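The values are calculated or read from the model by the stated rules, or taken from the named source; none is laboratory data. Quantities reported herein were computed from a predicted structural model and do not represent experimental measurements. In this analysis, Cβ positions are derived from the backbone assuming ideal geometry, glycine residues included, and neighbour counts consider all displayed protein chains. Remember, those area values only see protein heavy atoms, side chains included, never the ligands or the DNA or RNA. Shrake-Rupley method; radii C 1.70, N 1.55, O 1.52, S 1.80 Å.
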Amino acid sequence: MFFAIAATLRSTASFTANVSSRNVSAASKAFVRSSAFRHDLTYSKSGRRFVIRSLSAAADNEGSSEYDFDYLVIGAGSGGIASARRAATYGAKVGVVEKSRLGGTCVNVGCVPKKVMWNAASIAEVIHDMKHYGFTGEDGVEFDWGNIKESRDKYILRLNGIYERNMANSGVESILGTASLVGDGKVKVIPEGGGEEKEYSAKNILIAVGGYPTFPEGDGIKENSMSSDGFFELESLPKKAVVVGAGYIAVELAGVLQALGTDVSLVVRKGKALREFDEMIADTLDNEMQRQGIDIFRNTDGLKKITVDDNGLKSVTLQNGEVIEECDAIIMATGRSPLVEPLNLPGAGVEQNDKGYIVVNEYSETNVDGVFAVGDVCGNVELTPMAIAAGRRLADRLFGGPEFKNAKVSYENVPTVVFSHPPIGTIGMTEAQAIVKYGEDNIKIYRSKFANLYYGPWQVEPDDKPKTAMKLICAGEEELVVGLHVIGMGADEMLQGFGIAMKMGATKADFDSCVAIHPTASEEFVTMFPWGLSKQDTGAKVSPLNGQKTAQPKI
């Protein structure tokens, strides 16, 4: 039996928590009746809903009535909305300014629609593989790009609506328009579509505007190509596409298009893609992309120009003189920049680095009192979950009371997945980084490379089977795990748990102490040769080594 307690705080922010009716203690009932809350408790028999209105919240800062908002967030991406809603739960009066669709890059033209297309491409790969498992009919299967685009776009619109309702339910005011800093805690908003500009005052201002894709210089390049955002506007599957870039966005889009049937060329400035990743990852992906049929143009130094013929087909001329002809789609994935131009940062005195990113300290503070920034606009670990975590911790510190006075987020050991084909998971240092930091004599590398059991029944040469590659990088006498890297089937879904272990300071002995789940690919990480022979040091608060008893909770 469960019931829901929904507390609507002074700012009408709401939250809902499900708890077991058996666990409702006298202390909990006393909390509801405490002087901090009015006795306007309501109960719905059908919905089992309590409503509690707060009279005293940690966000009751002195002088907050002097401002329109306690907290004004510029940018309704994942990080901005997460921070705004968190602040509202503490009773803060919160507003969010956004000029476009709610959810930012991730929801609209990033992580979410990309994963939908990655799923479609993965299904295409399974259809191609089904003959190895006794299925026939591959030649009769057709793919309808328009169908998945329509379904994907409806899904995104549904998510936009969910964001809107969540903000409203949290008591966060939504302001449509383009914001810029005026100074002295004031923000000017110009409404979208025209109208009279309005100025708002806020005790605390958060900048969470994210970034935008950039184009390289060159004749006809911007006019005749699309950004990674534009990929999601394609109305049909290209017959021949060129993807330009060496980062994770480039390899993801190249992999999706190739799997769905496009003739794909990948253009990189230097020798290979993902050069900032561990060498094992970059090399394995490079080999796999070639095996799949992606044509990689290397050491090109980028694009020189793009021309269009009378039939609308495009030719790409590279800086090294090579030419790729008869292309119907050219996708630029050459980088992103912070979306700071409308903000009037120089006029407000907010410091930026030489690339335009806002400079912040470990607490997301800019050099201007009361102005903060999180997410891609800071250029520090540009990942959606990172922005969400930073935004929530900032709200905790600003409005959560004394217990959160030092709240901040860690930018170390952040797990990352690249939805290439095959997917990549990585956390911590590369081998090269570990050597620089600790010295080659102080690190130990564990490796494994194998064909996933999925490919076991395939009647092909072993070398022709796609490979999974794994690496553990350990440092020090205790063999602390400082880097973990995997590429292969299932890498995306196995990384999160290992991320927790590394955040807690796991050693190779800790990994070995966990019994393998067989048969899985992830078991390789806890059976790396030589197994069980590392120094018996643990990073755990309660050691799991040598058959010791499992940790117990404090009751």
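Observations, loosely collected:
- Between residue 267 and 243, 244, 245, 297, the built amide H atoms are under 5 Å apart, and every one of these is 5 or more places off in sequence or on another chain.
- Taking each residue as 0.36 nm, the span from residue 354 to residue 236 lengthens on full extension beyond its C-alpha to C-alpha distance by 38.6 nm.
- Once both labels are positioned 7 Å from their Cα atoms along Cα-to-Cβ, the gap between residue 138 and residue 542 label points is 5.1 nm.
- Couplings for segment 431-444, taken from phi via the Karplus curve 6.51 cos²θ - 1.76 cosθ + 1.60 with θ = phi - 60°, read 4, 5, 5, 5, 5, 4, 7, 10, x, 4, 6, 10, 10, 9 Hz in order; Gly and Pro are left as x.
- The charge dipole of the chain, taken about its Cα centre with unit charges on the Cβ of Lys, Arg, Asp and Glu (plus for the first two, minus for the last two), comes to roughly 2760 debye.
- Partnerless cysteines in the chain, where a partner means another cysteine C-beta under 4.7 angstrom, comprise 327, 378, 474, 514.
- Segment 315-378, dipole about Cα centre (Lys/Arg Cβ +1, Asp/Glu Cβ -1), debye to the nearest 20: 160 debye
- For residue 212, the residues whose modelled amide H falls within less than 5 Å of its own, excluding neighbours fewer than 5 places apart on the same chain, are 337, 339.
- Near the amide H of residue 206, within less than 5 Å, lie the amide hydrogens of 72, 73, 74, 372, all on another chain or at least 5 residues away, with H placed in the peptide plane.
- Straight-line cross-link partners of residue 408 among the lysines, defined as a Cα under 20 Å from its Cα and at least 8 positions apart when in the same chain: 203, 503.
- Euclidean distance between Cα centres, segment 317-339 to segment 370-449, Å: 30 Å
- Note on segment 336-464: with neighbouring protein chains present and a 1.4 Å probe, carbon and sulfur make up 48 percent of its accessible heavy-atom surface.
- To put it simply, the accessible area of segment 103-161 at a 1.4 Å probe is 58 percent carbon and sulfur.
- Accessible solvent surface per residue of segment 201-348, calculated while the other protein chains remain in place, 1.4 angstrom probe, Å²: 43 Å²
- Reach of residue 198 by Cα under 29 Å, taken over lysines that are not fewer than 8 positions away in the same chain: 93, 99, 186, 188
- Taking 16 Å as the straight-line reach from the Cα of residue 449, the lysines in range (excluding those fewer than 8 positions away in the same chain) are 465, 467, 471.
- Here the Karplus relation 6.51 cos²θ - 1.76 cosθ + 1.60, evaluated at θ = phi - 60°, turns the backbone of segment 468-485 into coupling constants of 9, 10, 9, 8, 10, 10, 10, 9, x, 5, 7, 6, 5, 6, 10, x, 9, 9 Hz, with x for every Gly and Pro.
- For residue 409, net neighbour charge (Lys/Arg +1, Asp/Glu -1) across residues whose Cβ lies under 9 Å away: +2
- Checked against a 27 Å cut-off, the cross-linked pairs 131/239; 114/405; 222/270 give Cα-Cα distances beyond that limit for 114/405.
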